[in-house]
């Protein structure tokens, strides 16, 4: 019988190959079959990211250490890291052509694309643009002669848009439409709100369904964010994007004096096993640091150590942070 790590390595290879979508249903069944499966997969993916992603990840770690004070991040056993890194390095060598693109342009146009819990994946589009999907996210892609259209059904995505003078790139997110000629931006459809951040190049925001030739309601420039909450009477105001918030595609979540309750709302999106608070007042504790949301047990240990708390197990298998 193969181990969870060996099975994770096999799935890691399949889900970065050209037939990934054909295996998706079976992959998600495997993830749900045993709590060890998503954790083993996350360790392998994390190790691969650290060896295969661009230098931006190292820059993010260094900047977090320099600018943001104490960092309580994921600490994995040395042997586990070495084993995962070795397996990941071998996969990168053997599967290099497949690893360059998680999903082919043809697959991206054929059907809705989505990620499982804890999965971050990049999709290559026919025009050379890219979409990086965060955990439990889904998009629908529809390109035509006069427009490049994507619907963000749920979750969060990073859009790397290549220039095309004849076709604007449009993203429908909730009740908003985000448009760009080129550049890089994030959009998120989360419970109760839609969030948009610009990282490179300006982006225009309109009501969903508005003609692309109509005047924009908002224009964001690089480094700005905007949150839309349905039912709010006042118009939203652009604000500086949170420092480090652009690092999520590398599996890093950065927080700055963020309430613990908000931190857990973000990190719990990555795993079926969640971290809960034994006392609601703990949610007011302020968190500053850089974290990997998986494995969830290691994250709980780091948070408990940061605030002199202890961890316990809930009857449903979740983790509870408690006062000593």
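The numbers here are math on the coordinates, done by the rules we state, and not lab data. Just so it is clear, the model here is predicted, and its values are computed rather than measured. We place every Cβ from the backbone using ideal geometry, glycine too, and count neighbours over all the protein chains shown.
Rounded, prolate or oblate, given the Cα gyration tensor of segment 179-233, with a/c below 1.5 counting as rounded? Here segment 179-233 falls in the oblate category.
Measuring max minus min along each principal axis, the C-alpha atoms of segment 121-240 give extents of 40, 33, 25 Å (largest first). The separation of segment 192-266 from segment 121-152, counted between C-alpha centres, amounts to 18 Å. Each DSSP beta bridge with both residues in segment 249-322 is either parallel or antiparallel, and the antiparallel ones are about 75%. Residues 276, 152 in ascending order of nearby Cβ atoms (within 10 Å, fewest first): 276, 152. Length available on full extension from residue 239 to residue 257: 0.36 nm per residue minus the Cα-Cα distance, which gives 4.8 nm. In terms of surrounding Cβ atoms within a 10 Å radius of their Cβ, 190, 253 rank from fewest to most as 190, 253.
Over segment 249-322, the hull volume per residue, using the convex hull of the C-alpha atoms, is 78 Å³. Fewest-first ordering of 213, 122 by other beta carbons within 10 Å of each residue's beta carbon gives 213, 122.
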